[in-house]
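**Q** Here it is: the structure, laid out below.
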Amino acid sequence: MRKNLLIALALSSVLGFAQSGENCSYGIGSDKISNGENITTGGTYEYSAASDFDVAPGKILTAKQLTFNVLKGSANLNFVNVYILKENQGVPGEVIQTFTNLVPTSQVLDYQSTLENMDAYKITVDFPSPFDLPKGKYFVQLQAAPGDNTPVSWEITDQNTRKLGRFDFTKFDTDPWFGGFSYYDHVFEVIGNCNDTSEQQPTGTPFTAGNFGDSHEAGVRMIWTSLADDFVVPDGQKLTFTKFKISTLQLGNIKNATINIRKSENDLPGEILHTFENVGPTTENFYGYHPVQGFPLDVVAADVEFDWSQPVDLLPGRYFIEIIAAPFPFTDYQSWEVTPNSGSDLDSVVSFDGGETWESNAGYNYVFEISGFLNPYLAVNEVGKNQVSVFPNPVSNELNISSIQNVDKVFIYNAAGQTIKTITEVKNNKIDVSNLSKGIYFVNTVLKNGESKTFKVIKH
């Protein structure tokens with residue numbers, strides 16, 4: 001669907017959570033629209049489909065069971081193949097759990113469909129052994145072998161259904177994943193136990209800012225451009241920034257986006273303070289088809305929301321948030337919706353040269369919302385405080401450093417205290433750790449002002 005584990009959790013065994021925690025589930029229910037996508041296996045061709053779900057921050061899910069709805073003939077399914085995949089830059093990625101030839105524990109008629117010789121059934125499969133999933137986005141991929149000559153389709157929802165994830169993906173044989181822009185989701189539920197982690201969650205007064213609009217009449221092209229608009233963190237407050245939502249007009253969809261938080265310099269986007277690179281949307285919702293001036297077809301209005309794997313702190317002042325979108329192939333139209341509302345006093349801006357220069361969209365603001373939490377900020381107490389963090393943790397390839405002060409150099413030590421890597425030039429607050437072996441490391445960051453801080457990081 002379209003929604004870092006601490007060291008102690010990363011080192012714990014699966015069985016440590018299997019029999020504890022509250023009951024929980026992730027998924028989406030049926031709209032009973034008698035429609036679905038082919039997931040038939042065992043014949044001449046192999047079909048499959050995938051939908052995503054998000055394990056909430058501060059939780060770890062021990063998955064035990066899966067239910068899903070299919071449209072099929074009267075004969076029972078022979079078996080089901082289930083794959084759990086990580087999300088990778090907005091699409092299904094690495095397979096982390098594989099369960100083949102599972103015989104369903106239950107196949108119950110859910111409703112009689114409007115299709116000939118096919119009805120909707122709720123299928124239940126138990127995983128042979130429970131497995132743990134920390135916070136983050138995952139995909140469920142399904143294949144099903146029919147017990148007769150009728151193909152099996154994974155039931156989908158109505159496109160108007162508000163859901164908790166991305167739009168669907170499909171796969172034919174060994175072809176790459178296709179989809180992400182069909183404006184509906186599959187019907188399924190991952191069931192298990194949820195336990196709290198010791199990961200500290202943001203607290204404070206909930207806060208939102210941005211520009212409202214729902215006319216869906218106009219937008220600024222997102223393909224091959226950088227778009228930015230401003231927001232203000234109130235005086236005397238520090239914002240822990242957690243989410244960013246935009247309203248788009250599209251025929252296609254955003255695969256992923258690089259999102260920058262910039263200083264405001266002379267009322268234009270300035271220095272980049274934080275970068276979230278190739279982030280896949282957490283959730284998307286469909287708001288109908290609408291005509292736009294200058295385009296021959298009606299386009300889709302869709303809200304697209306991004307969550308940060310690690311929240312960032314912003315001090316009082318004005319900032320710009322910039323988005324550089326990467327669309328899916330076959331995307332014919334992609335724009336960020338605009339509104340004539342006054343917003344935060346400044347006009348929205350667009351760049352055609354990667355953020356080197358900016359042009360104003362006079363009289364218009366982009367439709368967006370930032371979310372987070374406010375806490376009192378006393379500048380005299382914050383002066384000199386080391387505000388540095390690293391993410392993600394555990395890390396696979398690239399470690400990000402979040403810091404108000406510029407980072408001068410970074411030292412990486414192994415568990416024995418030996419220096420194994422020294423970085424004297426930190427570009428874009430990112431460190432390449434792809435060549436490190438799996439294990440525990442200590443990352444020492446040294447700021448331009450001489451302050452330093454050390455973090456314990458897991459490489460996986």
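Any read-out appearing in this document is the output of simple, stated calculations on the displayed coordinates, not a laboratory observation. Everything numeric in this text was worked out from a predicted model, so none of it was measured. Here the Cβ positions follow ideal geometry from the backbone for every residue, glycine too, while neighbour counts run over all protein chains shown.
**Q** Loop only per DSSP, at most 16 neighbouring Cβ atoms within 10 Å: give me the trypsin sites (Lys or Arg not before Pro) in the range 152-190, ordered by residue number.
**A** Answer by residue number: 162.
**Q** Sticking with this one: So what is the calculated 222 nm ellipticity per residue for the chain, using -39500 (n - 2.57) for each DSSP H run with n of 4 or more, over all residues, to the nearest 500 deg cm²/dmol?
**A** Here the helix-only value at 222 nm equals -500 deg cm²/dmol.
**Q** So what are the radius of gyration and Dmax for the Cα set of the range 7-196, in Å?
**A** Cα only, the range 7-196: 16.2, 54 Å (Rg, Dmax).
**Q** With the Cα gyration tensor of the range 108-171 giving a ≥ b ≥ c as the square roots of its eigenvalues, does the rule (a/c under 1.5 for rounded; else a/b larger than b/c for prolate; else oblate) give rounded, prolate or oblate?
**A** oblate
**Q** Take every Cα pair under 8 Å in the range 384-459 that's 6+ residues apart, average their separations, divide by the length, and report that relative contact order as a whole percent.
**A** After rounding, I find 34 percent.
**Q** Quick one: divide the alpha-carbon radius of gyration of the range 204-305 by 2.2 N^0.38 Å and tell me what you get.
**A** 1.21
**Q** Additional query: Any idea what the dipole of the chain comes to, in debye rounded to 20, about its Cα centre with Lys/Arg Cβ at +1 and Asp/Glu Cβ at -1?
**A** Rounded to the nearest 20 debye, it is 1580 debye.
**Q** Could I ask something else about it? For a protection proxy built on the mean count of beta-carbon atoms within 10 angstrom, sort 194-204, 55-65 highest first, please.
**A** The densest-packed peptide leads the list: 55-65, 194-204.
**Q** Continuing with the same structure: In the chain, if the dipole is taken from +1 on Lys/Arg beta carbons and -1 on Asp/Glu beta carbons about the Cα centre, which of 56, 179, 434 is farthest to the positive end?
**A** Towards the positive end, the residue furthest out is 434.
**Q** Could you work out, for the chain, what percent of all Cα-Cα pairs fall into each 10 Å distance bin, beginning at 0 Å and stopping at the bin that holds the largest distance?
**A** Over the chain, the share of Cα pairs per 10 Å bin runs 4, 19, 27, 25, 17, 7, 1, 0 percent.
**Q** State which entries of 64/122; 263/421; 243/409; 122/171; 238/459 exceed 20 angstrom in Cα-Cα distance in the structure shown.
**A** 263/421; 243/409; 122/171; 238/459
**Q** Could I ask something else about it? Can you find, among 254, 215, 336, the residue sitting farthest towards the positive end of the charge dipole of the range 205-376, where Lys and Arg contribute +1 and Asp and Glu -1 at Cβ?
**A** 254
**Q** Please state, as a whole number in µm²/s, the translational diffusion coefficient that the Stokes-Einstein equation yields for the range 37-111 at 20 °C and 1.002 mPa s, with Rh defined as the Kirkwood radius across alpha carbon pairs.
**A** Answer, rounded: 146 µm²/s.
**Q** Moving to a separate point now. From the square roots a ≥ b ≥ c of the eigenvalues of the alpha-carbon gyration tensor of the range 384-459, which class results: rounded (a/c under 1.5), prolate (a/b over b/c), or oblate?
**A** Verdict is prolate for the range 384-459.
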